[in-house]
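Every read-out reported here was derived from the displayed coordinates using simple, explicitly stated rules and does not represent laboratory data. Keep in mind that this is a model prediction, so the values were computed, not measured. All Cβ positions, glycine included, derive from the backbone under ideal geometry; neighbour counts span all protein chains shown.
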Amino acid sequence: MANTQAAAHNLHLVATSDVRPEVIEILAEVFQFDGEITLETSQQDIEKWDSLRHIGLVTALESRFGISLSMDEMMEITRVSDIQRVLERHGA
């Protein structure tokens with residue numbers, strides 16, 4: 001966990017304490033995003049969050065957390081709070 005926090009810090013990311021460091025790191029990698037990330041950060045806040053990169057986000061989440069998302073869960077994700085809710089649902 002310290003490594004992901006360090007990686008997030010190195011990318012100059014700012015997050016509320018409620019956002020998991022792993023989620024911040026994935027968002028930074030998939031979308032090349034280095035802005036502030038909160039639970040309310042959404043597709044509208046991240047310019048490169050398009051349909052193709054959304055698939056990359058889902059793939060990264062599944063790989064990192066060892067889970068498999070349903071199509072409904074993939075469609076449910078439109079903001080950071082959705083990501084965290086889906087992860088909790090999978091016990092990740």
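Sorted by packing (mean other beta-carbon atoms within 10 Å per residue), highest first, where do 64-70, 77-83 land?
Those peptides, ordered most packed to least, come out 77-83, 64-70.
Based on other C-beta atoms within 10 Å, arrange H90, H54 from fewest to most.
Exposure proxy ranking, most exposed first: H90, H54.
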